[in-house]
Amino acid sequence: MSKGNSEEKKELFEKQAFPLMPMLYRTALRLTRNQADAEDLVQNTFLRAFNFYDKFTQGTSFKAWIFKVMTNIFINEYRKQAKDPQKVSLEDYLVGTPDPEHLFFENLVDEDIKRAIEELPDQYRLTFLLYTEGFSYKEIASITETNLGTVMSRLHRARRLLQDKLYHLRKREVQVSEL
Amino acid sequence: MSCEHLIEKLYLFIDGELSPEEECEIEAHLAECVQCLRIYGLELQFKRTIIQKLKCEEVPARLMERIRIALEAF
């Protein structure tokens with residue numbers, strides 16, 4: 001590739017990729033659970049995406065493509081290294097999930113929400129984070145290389161786990177404030 | 001449509017994943033069932049709250065710089 005073409009390619013890539021950095025970063029932060037790893041994950045995503053930019057088909061969703069690049073790096077590299085603190089049986093966890101009517105949304109603390117998401121098992125966390133970034137079920141299935149049924153089931157369970165966790169955190173805060 | 005069937009489809013409705021016909025069925029049920037309407041409101045609020053709270057994360061300036069420098073190397 002000539003120098004001119006290479007510069008054009010870089011310019012186009014930056015124009016498409018940089019506006020997505022906030023989305024990629026906040027997703028990376030919740031996936032890796034720490035700032036240093038999140039920054040590395042985003043940087044690796046940018047570099048790998050740029051390396052394989054020729055494989056991206058212009059006219060299709062660049063956002064979905066670059067999230068897929070990040071998902072693959074997370075699954076293949078970070079997830080293998082990280083110890084997953086969630087060893088609780090899912091079925092045990094789901095038993096006794098409270099009625100969502102009792103959730104006090106307006107009083108939910110940002111840190112509680114982030115913590116509850118970070119405690120979700122990897123596959124649920126990844127699916128749920130892609131969902132919060134506005135991807136359709138079909139796009140999530142494509143990014144995570146799974147089928148629609150699995151995406152729906154993971155989202156359903158992720159919501160239940162989050163609601164349960166947030167309900168208990170909120171209940172504890174109310175009890176402490178009443179002491 | 002029964003309440004049970006609506007609850008099964010509720011998130012597909014909230015997420016815009018249903019066909020226009022199915023959406024109409026859900027809307028018709030919600031217009032008549034206060035109980036389901038309340039659950040719909042809570043689930044919608046849950047989704048919006050989570051998305052809104054997650055958006056408050058700033059990208060560190062040094063990360064932007066790191067990536068620009070790394071891309072320069074290509």
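Among the residues of region A:136-156, how many are part of a helix (DSSP H, G or I), more than 14 Å from B:LYS47 (Cα to Cα) and either touching a Ser or Thr at 6+ places or on another chain (Cβ under 7 Å) or within 12 Å of chain B (Cβ to nearest Cβ) (or both)?
Within region A:136-156, residues that are part of a helix (DSSP H, G or I), more than 14 Å from B:LYS47 (Cα to Cα) and either touching a Ser or Thr at 6+ places or on another chain (Cβ under 7 Å) or within 12 Å of chain B (Cβ to nearest Cβ) (or both) number 11.
Being touching a Ser or Thr at 6+ places or on another chain (Cβ under 7 Å) and at pLDDT below 95 is the filter here, so list the residues in region A:103-132 that pass it.
Those that are touching a Ser or Thr at 6+ places or on another chain (Cβ under 7 Å) and at pLDDT below 95: A:PHE105, A:LEU108.
Examine region A:151-173 for a residue that is aromatic (Phe, Trp, Tyr), under 26 Å from A:THR71 (Cα atoms) and either surrounded by 13 or more Cβ atoms within 10 Å (Cβ to Cβ) or at pLDDT 90 or above (or both), and state whether such a residue exists.
Step one: filter region A:151-173 for residues aromatic (Phe, Trp, Tyr), giving A:167.
Among the residues that remain, those that are also under 26 Å from A:THR71 (Cα atoms) are: none.
Taking every residue of region A:151-173 in turn, none turns out to be aromatic (Phe, Trp, Tyr), under 26 Å from A:THR71 (Cα atoms) and either surrounded by 13 or more Cβ atoms within 10 Å (Cβ to Cβ) or at pLDDT 90 or above (or both).
Filter region A:133-143 down to residues that are at pLDDT below 95 and polar (S, T, N, Q), then give me how many there are.
Matching residues across region A:133-143 total 0.
Every residue in region B:28-66 that is over 21 Å from A:VAL109 (Cα atoms) and of a type in the set (A, V, I, L, M, F, W, C), please. Quick ask: steps written out before the conclusion?
Taking region B:28-66 as the starting set, the residues that turn out to be over 21 Å from A:VAL109 (Cα atoms) are B:28-40, B:60-66.
The answer is B:ALA28, B:LEU30, B:ALA31, B:CYS33, B:VAL34, B:CYS36, B:LEU37, B:ILE39, B:ALA61, B:LEU63, B:MET64.
Find all pairs meeting these conditions: Cβ atoms under 6 angstrom apart; at least six residues apart or on different chains; first residue within region B:43-62 and under 23 Å from A:PHE18 (Cβ atoms); second residue surrounded by 14 or more Cβ atoms within 10 Å (Cβ to Cβ) and of a type in the set (Val, Ile, Thr).
Going by the 6 Å Cβ cut-off, the qualifying pairs are B:ILE51/A:THR132; B:LEU54/A:THR132.
Take region B:37-67 and flag every residue that is more than 23 Å from A:GLN163 (Cβ to Cβ), exposed (fewer than 12 other Cβ atoms within 10 Å of the Cβ) and at the interface with another protein chain (Cβ under 10 Å from one of its Cβ atoms).
Let us first name the residues in region B:37-67 that are more than 23 Å from A:GLN163 (Cβ to Cβ), namely B:58-67.
Still in the list and also exposed (fewer than 12 other Cβ atoms within 10 Å of the Cβ): B:58, B:61-62, B:65.
Of everything in region B:37-67, those that are more than 23 Å from A:GLN163 (Cβ to Cβ), exposed (fewer than 12 other Cβ atoms within 10 Å of the Cβ) and at the interface with another protein chain (Cβ under 10 Å from one of its Cβ atoms) turn out to be B:GLU58, B:ARG62.
Could you list, in sequence order, all residues of region B:8-36 that are surrounded by 14 or more Cβ atoms within 10 Å (Cβ to Cβ), in a helix (DSSP H, G or I) and of a type in the set (A, V, I, L, M, F, W, C)?
Residues satisfying the conditions are B:LEU10, B:LEU12, B:PHE13, B:ILE14, B:ILE26, B:LEU30, B:CYS36.
Please verify whether B:LEU63 is over 27 Å from A:ASN34 (Cβ atoms) and in a helix (DSSP H, G or I), treating the condition exactly as stated.
On the way: over 27 Å from A:ASN34 (Cβ atoms): no; in a helix (DSSP H, G or I): yes.
Taking the combined requirement at face value, the residue does not satisfy it.
The values are calculated or read from the model by the stated rules, or taken from the named source; none is laboratory data. Computed from a prediction, not measured in an experiment: that's the story for all the values here. Cβ atoms come from the backbone with ideal geometry, glycine included; neighbour counts cover every protein chain shown.
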